[in-house]
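**Q** Before I ask anything, here is the structure I am working with.
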Amino acid sequence: MNHMADVQSEVYKEEARELLVVLEDSLLQLERSPDDIELVGQIFRALHTIKGSGSMFGFDRIAAFTHEVETTFDLVRNSEIPVSKELIDHTLQAKDYIKLLLEAPSPDEAPCEQDLKTLIGSFNKLVSDHKEAKTQPPPNTSTTITSAQGASSSNTPAGLVTYRIRFCPASDIFLTGTNPLFLLDELQILGECKAVAQTNALSSLEEINPELCYVAWDIVLTTDKGIDAIRDVFIFVEDTSAIHIETVDNPGGAAVEEGYKKVGEILVERGDVKAEELKEALGEQKRIGDILIDKGIVTGDRIASALAEQEQVKEAREKKAKEEAASSIRVAAAKLDKLVDLVGELVTVQAHLAQKANSQADPELVLISEEVERLTGELRDNTMSIRMVPIGSTFGRFSRLVRDLSKELGKEIEMTTEGAETELDKTVIERLNDPLVHLIRNSIDHGIEPPGAREPLGKTRKGLIQLTARHAGAQVHIEITDDGAGLDSARIREKAIEKGLIPPDAEITEKELFGLIFAPGFSTAEKVSNVSGRGVGMDVVKRTIDALRGHIEVESEQGMGTTITLKLPLTLAIIEGLLVEVNKDYYVLPLSSVEECIELDHSKNARRQDSRFVNLRGHLVPYIRLREQFGVRGDIPDVEQIVVTGSEGNKIGFVVDQVIGEHQTVIKTLSRVYKDVDSVSGATILGDGTVALILDISKLSQVGRCEGNA
Amino acid sequence: MGVCDEQKGEMMDYTVQDGAEAKNITFRGDLTIQSAGQVRRVLREALDSCRAIEITLKDIESIDLSCIQLFCAAHKTAFKADKRLTLDAALPEAAARAIEQAGFYCLKACGNNGENACPMTRRTDG
């Protein structure tokens, strides 16, 4: 496969993945609203596009399999098959299988051939069962459902060009096994398409041979796929058929003609009518189409196709005008990452420039520096906003998880979401998937009770899981709430003592107790299921959230339910930090964790030099000396500063020489050489080129605790 | 009266009934190239024997281009012979879509002026 084909395959795969998400989401919605025709249409269109594009890009297995599913949904769309649970189940399985085919190393590979046969069998059975049960024709058979046109129109990006295609197939096309209607179908996939049959060659019944094709087509197609994509549709018939393709309108082109061509002009341009004939006909007062038909100059179907072209060009231009404001382009994530890196470099250089300008006392240079600072700030914010994506797509995936798991466990669960439009950095969203899956699985398996157990408790049979996302300053809070059994404090305490996580006489708050469920290997489940209960997962959740510089909070009331809140930074690329100094070494503490700064005056605390606690409004707060932690030498100032942070409900202080101030900076990841250094999550370059380490407060606190215990 | 072609697993059958004003032909099953010869013969016989024909397709399973063009040709033939051929509007959705997909929106090519409305125009003209 050449490079171009590889690129096209990747584009197809990416689009197909998105369509599969739409497909799954629509199926789950359809299960809840089986009468929603629009959802059936959406599903059909997704299948149709996956099939059509698959066939175009050489994914023949996907095309062939999807065709089977599409055929069934075609019957659903025509109200010939009802929406049933079996249909949804089979189609969800089919979606999974298409995904498998899509991710197979080669398009020719078919994983689990047996599954394929079973699935196709299931769909065939649905159809045949229905045919057997069918005793009456469906009511209101004249209902029109626009399908392919709807599909293409919902997916027409900018850069649309309208083409006029004349397709005159060989008369023996049926005998070669080619169905010309499939070719028209393929064109529908490319964009807004209208074909008008030309039946001039079709004479009386006595003369025609039913095995020959007498129809040609005038087709108007508005697409952004280019003329080659159109030629590809006819690739197998081009040697035997007459195909003529020409551009009739290009709204994005350099010279867009004002207004729209009149039908007469189109007919002259096509060569269907001579200019003189048109002129003569125009001398009369009737509509030009009627005049030309009356005069026998042109047939009705030619007029019909010219009118179709006129209308389509008009629609395409209007659509183009509407879409211009909302147009978007697809960019490789790697390019965005590179852009963020470059902006990071620019921010560093700008900081350096600002520092130099201020030290030079040159008003003109300061002015330039300030302007550069303003532009850099805007550029940075814009670049970051490009990386932000709504969390809704991630939420959407969990509907299927909840559906399948609740079915497996015999529970009735409804999942609702709120704040799906909340935006988060793309990387954060990608890494958030697994932790959320673990948490939802836990809620389903251990939280929500079976329907039989809920009713005596006065709860509804159906359990509820709510996913909520919302902005909170520079953070996003994601809550997973269930109305299940809640956490059993006594069991957690018992288990924690058994595991040696706390001493038997430990006095800890409920919040601290709940925090223990994230300890490695901790599980109170008496039974280990294939869903959860092995104690593997919650610690992984914690590690992942920590790595994202986030926090987890648990609130639970026994019998009422549990809420787990994930507090995450909006982006991983930039950090709002507090810059501190220890003997000319600089460190950044994430501002989201900083609660307050207090002085540590040695003259007042002389007798408590060795103490690792400070009295903060009557509460003892432990602290860590960064000087000792990082082996910094030099004189200790008489008055040091303690930066008090809150991590996992515990306060802990960090003693530094000086607090410099708030600092927003682009994070640089550390080299692999430092991969074992736990207490530092990254680094940043200050304006003067100095490197400042970004501290991982959670890890530092753990280190402090271990040293304290030792 | 009916014809059943089971040789290729395809099945099409029909009934012809003489009504007060027109002969009604009801087709059932799959109207594909395998049955196109049969459909042509039935239509020809009907056109030879009466002045008005009504075609009912509400019970067909599918229709392909070979048969769509036959109905179009039959309509042209009727028009030329000053006869009337109409298609019942109750089309199964699959058939209606196949006709629309084939671009048979308007078959005024046969020169009719609306009195003997083209069967296929019903799709767009209501």
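The values are calculated or read from the model by the stated rules, or taken from the named source; none is laboratory data. Predicted model only: the values in this text are computed from it and were never measured. Cβ sites come from the backbone with ideal geometry, for glycine too, and all protein chains shown count toward neighbours.
**Q** Any chance you could count how many residues in segment A:641-659 are without any contact (Cβ under 8 Å) to a residue 60 or more places away in the chain and crowded, with 21+ Cβ neighbours inside 10 Å?
**A** Final tally of qualifying residues: 5.
**Q** Residue check, A:ILE448 against (1) farther than 17 Å from A:GLY484 by Cβ; (2) touching a Gly at 6+ places or on another chain (Cβ under 6 Å); (3) surrounded by 21 or more Cβ atoms within 10 Å (Cβ to Cβ), all met but one. Which one?
**A** A:ILE448 satisfies all of (1) farther than 17 Å from A:GLY484 by Cβ; (2) touching a Gly at 6+ places or on another chain (Cβ under 6 Å); (3) surrounded by 21 or more Cβ atoms within 10 Å (Cβ to Cβ) except (1).
**Q** Is it the case, given these coordinates, that A:LYS194 is within 11 Å of chain B (Cβ to nearest Cβ), at pLDDT 80 or above and under 41 Å from the mean Cα position of the chain (by Cα)? Steps first, answer last, please.
**A** On the way: within 11 Å of chain B (Cβ to nearest Cβ): yes; at pLDDT 80 or above: yes; under 41 Å from the mean Cα position of the chain (by Cα): yes.
Yes.
**Q** Only one of A:ARG461, A:ARG454 is farther than 15 Å from A:VAL554 by Cα and crowded, with 20+ Cβ neighbours inside 10 Å; which? Can you show your working first?
**A** Details: A:ARG461 fails: crowded, with 20+ Cβ neighbours inside 10 Å.
Residue meeting the stated conditions: A:ARG454.
**Q** Kindly establish whether B:GLU100 is facing chain A (nearest Cβ under 7 Å), under 26 Å from A:PHE182 (Cβ atoms), out of contact with any strand residue (DSSP E or B) (no Cβ under 7 Å at 6 or more places or on another chain) and surrounded by fewer than 23 Cβ atoms within 10 Å (Cβ to Cβ).
**A** Numbers: facing chain A (nearest Cβ under 7 Å): no; under 26 Å from A:PHE182 (Cβ atoms): yes; out of contact with any strand residue (DSSP E or B) (no Cβ under 7 Å at 6 or more places or on another chain): yes; surrounded by fewer than 23 Cβ atoms within 10 Å (Cβ to Cβ): yes.
Judged against the criteria, B:GLU100 is not a match.
**Q** Evaluate the following for B:ALA20: is it surrounded by fewer than 21 Cβ atoms within 10 Å (Cβ to Cβ), away from every other protein chain (no Cβ under 12 Å) and modelled with pLDDT under 80?
**A** Working: surrounded by fewer than 21 Cβ atoms within 10 Å (Cβ to Cβ): yes; away from every other protein chain (no Cβ under 12 Å): yes; modelled with pLDDT under 80: yes.
The answer is yes for B:ALA20.
**Q** Something else about it: Among the numbered criteria (1) more than 25 Å from A:ILE88 (Cα to Cα); (2) in contact with a strand residue (DSSP E or B) (Cβ under 8 Å, 6 or more places away or on another chain), which single criterion is violated by A:GLU378?
**A** Failed condition: (2).
**Q** Quick one: in segment B:65-89, which of the residues that are outside any helix (DSSP H, G or I) and within 12 Å of the chain's Cα centre (by Cα) is farthest from the other protein chains (Cβ to nearest Cβ)? So that I can check it myself, show each step before the final result.
**A** In the first step, residues of segment B:65-89 are kept if they are outside any helix (DSSP H, G or I); the result is B:81-89.
Cutting the leftovers down to within 12 Å of the chain's Cα centre (by Cα) gives us B:85-89.
Details: B:LEU85: 10, B:THR86: 15, B:LEU87: 12, B:ASP88: 10, B:ALA89: 6 Å.
Among those residues, the one meeting the criterion is B:THR86.
**Q** Among the residues of segment A:193-224, how many are closer than 30 Å to A:VAL11 by Cβ and surrounded by fewer than 21 Cβ atoms within 10 Å (Cβ to Cβ)?
**A** Keep residues of segment A:193-224 that are closer than 30 Å to A:VAL11 by Cβ, which gives A:193-195, A:217, A:219-224.
The next check asks that each one be surrounded by fewer than 21 Cβ atoms within 10 Å (Cβ to Cβ); those that pass are A:224.
So the count comes out to 1.
**Q** Out of all the residues in segment A:544-565, is one or more among the aliphatic types (A, V, I, L, M), in the same structural domain as A:GLY687 (by TED's automatic domain parsing), within 35 Å of the chain's Cα centre (by Cα) and modelled with pLDDT under 90?
**A** So far as segment A:544-565 goes, no, none of its residues is among the aliphatic types (A, V, I, L, M), in the same structural domain as A:GLY687 (by TED's automatic domain parsing), within 35 Å of the chain's Cα centre (by Cα) and modelled with pLDDT under 90.
**Q** Considering only residues that are at pLDDT below 55 and aliphatic (A, V, I, L, M), look in segment A:523-543 and name the one that is farthest from A:ILE478 (Cα to Cα).
**A** Across segment A:523-543, the extreme among qualifying residues is A:VAL528.
**Q** Another one. What are the residues in segment A:369-391 that are modelled with pLDDT of 85 or more and out of contact with any helix residue (DSSP H, G or I) (no Cβ under 7 Å at 6 or more places or on another chain), if any?
**A** A:GLU370, A:GLU371, A:ARG374, A:LEU375, A:GLY377, A:GLU378, A:ASN382, A:PRO390
**Q** Considering only residues of segment A:219-248 that are out of contact with any Gly (no Cβ under 8 Å at 6 or more places or on another chain) and in a strand (DSSP E or B), which is nearest to the other protein chains (Cβ to nearest Cβ)? Let's see the steps before the verdict.
**A** Residues of segment A:219-248 that are out of contact with any Gly (no Cβ under 8 Å at 6 or more places or on another chain), as a first pass: A:220, A:226-248.
Okay, now just the ones that are also in a strand (DSSP E or B), so A:220, A:242-248.
On the way: A:VAL220: 11, A:ALA242: 16, A:ILE243: 15, A:HIS244: 16, A:ILE245: 17, A:GLU246: 18, A:THR247: 21, A:VAL248: 17 Å.
My answer is A:VAL220.
**Q** So, in segment B:31-51, of the ones that are of a type in the set (A, V, I, L, M) and either in contact with an Asp or Glu (Cβ under 6 Å, 6 or more places away or on another chain) or more than 13 Å from B:ALA78 (Cα to Cα) (or both), which residue ends up nearest to the other protein chains (Cβ to nearest Cβ)?
**A** Once the filter is applied, the top-ranked residue is B:ALA36.
**Q** In segment A:81-118, which residue that is within 27 Å of B:LYS58 (Cβ to Cβ) and touching a helix residue (DSSP H, G or I) at 6+ places or on another chain (Cβ under 7 Å) is nearest to the other protein chains (Cβ to nearest Cβ)?
**A** So the first thing to find is which residues in segment A:81-118 are within 27 Å of B:LYS58 (Cβ to Cβ), and the list is A:81-84, A:87.
Going one step further and asking which of them are touching a helix residue (DSSP H, G or I) at 6+ places or on another chain (Cβ under 7 Å), we end up with A:81, A:83, A:87.
On the way: A:ILE81: 12, A:VAL83: 16, A:LEU87: 17 Å.
By that ranking, first place goes to A:ILE81.
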